[in-house]
Amino acid sequence: MRASVAVSEDRRIDPSGALPRPADTAGEERLRRLRVIALVVPAAFLLLVLLARGTIVRTVSPTNGHLLLDGVLVAGTLAFSLVMFSFIDRSYRALLQQNRDLAAIDAVVVAARGAYTADAVAHESLEAILQTTGAASARIAAAHPTDPRRTADTWYLESPVRSGGGSAPETVPLLSGPEAIGSLTLEGIDPATSALTPAAYAGIGRAIGSALQRARYMSHLQQECHDAALAERDRIAREMHDSLAQALGAAHFRLTAIGTHPDVESSPEVHHELADLAATCHDAYGDVREAILGLREAGRADRTLLQSLDSYVEKFSRQSGIATALVTPWRGWTCRPTTRSR
């Protein structure tokens, strides 16, 4: 993807055009009329000639009148055949155009549907658009849904097989429902290879706009869920620090103090039992402190995995006074031991 460049918007496509549909009611009505014409017009023409045969023969001559009627029948048949072939050819071309439009829209929809981020949606859509339209380059500009003041995101892609030239730039609005969120600009479209209708371009704009909004809102929702999870982790860590960790620390301190009492020291069994309880409280306190550290350091969206590991190892080394080293296949990292008074 290259940096976006400004392009002119010489020709705009009306976004209100209806999408072509496989079972178009107008096409069915046209076909029914064509069938009626194919049956009624030849029969009416033949009936008219038969009714007028006697009058024409008497008016012209018995010999030339029949020849004239035969010529009229042949000419009428040829004219009717040419008209019908013209209608059939026009309907066939309209059907091919409809299939091209639907194929182009479907290619963009499939490409955008398989992506889950705004960047992926834009890149996949641009590649599909360049393949289906034959454009030399395409650019997507879309405003940010959560912050209208933010600069619009732009994506630009050039065709590897086509250069500039062709028709004037096509600018298609990107719609998400009734809302316009940006524009799609196509440059260098070759009229000989691209035969999409304005309705097809409008359908492509709606497909890209909806996919972009979906990906952006999904990303925004994931970020909100992630932030909420981090906030809940911090809350749990604070509660553990203010309640459980302090209670265990106080219990360890009091048990240690009681163990130094002369009456307790005089009883080896009681002294040993209190020492075991104090050691258990100390171990539990260490486990709680480690759990608090894990809750506060895990899952930070603004850090990479190595940065999170660095921070965790550094805090663990600082709190425990243990020399800690983190070695990865990409680099080596060593945390200096920190002296801590006991």
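Matching residues to (1) assigned by TED's automatic domain parsing to the domain that holds E170; (2) closer than 30 Å to E179 by Cα; (3) assigned to a helix (DSSP H, G or I); (4) not charged (D, E, K, R):
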| residue | (1), (2), (3), (4) |
| --- | --- |
| I37 | yes, no, yes, yes |
| L50 | yes, no, yes, yes |
| G54 | yes, no, yes, yes |
| L95 | yes, no, yes, yes |
| A128 | yes, yes, yes, yes |
| A135 | yes, yes, no, yes |
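Within the span defined as segment 19-29, every residue fails to be of a type outside the set (K, R) and modelled with pLDDT of 80 or more. Of all residues in segment 167-189, those that are free of Cβ contacts under 8 Å to residues at least 60 places away in the same chain have Cβ atoms under 7 Å from Cβ atoms of residues that are among the acidic types (D, E) and crowded, with 22+ Cβ neighbours inside 10 Å, 6 or more apart or on another chain, in L186/E170; I189/E170.
Any residue in segment 154-167 that is modelled with pLDDT of 85 or more and within 30 Å of R93 (Cβ to Cβ)? No, segment 154-167 contains no residue that is modelled with pLDDT of 85 or more and within 30 Å of R93 (Cβ to Cβ). One residue stands out among those in segment 284-338 that are at pLDDT below 65 and outside any loop (DSSP other than H, G, I, E, B): the one that is nearest to R233 (Cα to Cα), which is E297. The sole residue among S267, S194, S219, S210 that is closer than 30 Å to D283 by Cβ and either among the hydroxyl-bearing types (S, T, Y) or modelled with pLDDT under 80 (or both) is S267.
Looking at segment 83-91, can you tell me whether even one residue there is among the basic types (K, R), buried (at least 16 other Cβ atoms within 10 Å of the Cβ) and assigned by TED's automatic domain parsing to the domain that holds A141? No, segment 83-91 contains no residue that is among the basic types (K, R), buried (at least 16 other Cβ atoms within 10 Å of the Cβ) and assigned by TED's automatic domain parsing to the domain that holds A141.
Of the residues examined, A275 is not one that is within 30 Å of W155 (Cβ to Cβ), touching a Ser or Thr at 6+ places or on another chain (Cβ under 9 Å) and of a type in the set (A, V, I, L, M).
Scanning segment 64-83 for residues that are farther than 13 Å from V41 by Cβ and in contact with a helix residue (DSSP H, G or I) (Cβ under 8 Å, 6 or more places away or on another chain) gives G65, H66, L68, L69, V72, L73.
Among the numbered conditions (1) assigned to a helix (DSSP H, G or I); (2) surrounded by 12 or more Cβ atoms within 10 Å (Cβ to Cβ); (3) within 45 Å of the chain's Cα centre (by Cα), the only one that A195 does not meet is (1). Scanning segment 99-112 for residues that are more than 15 Å from G203 (Cα to Cα) and in contact (Cβ under 8 Å) with a residue 24 or more places away in the chain turns up nothing.
Looking across segment 168-179, just one residue is over 15 Å from A143 (Cβ atoms), assigned to a strand (DSSP E or B) and modelled with pLDDT under 85, and that is E170. A search for C-beta distances below 9 Å between a residue of segment 28-41 that is under 17 Å from L82 (Cα atoms) and any residue that is of a type in the set (V, I, T), counting only pairs 6+ apart in sequence or on different chains, returns L34/I88; I37/V83; V41/V83.
The values are calculated or read from the model by the stated rules, or taken from the named source; none is laboratory data. Here the structure is a predicted model, which is why all the values come from computation and not from measurement. Neighbour counts run over all protein chains shown; Cβ positions are idealised from the backbone, glycine included.
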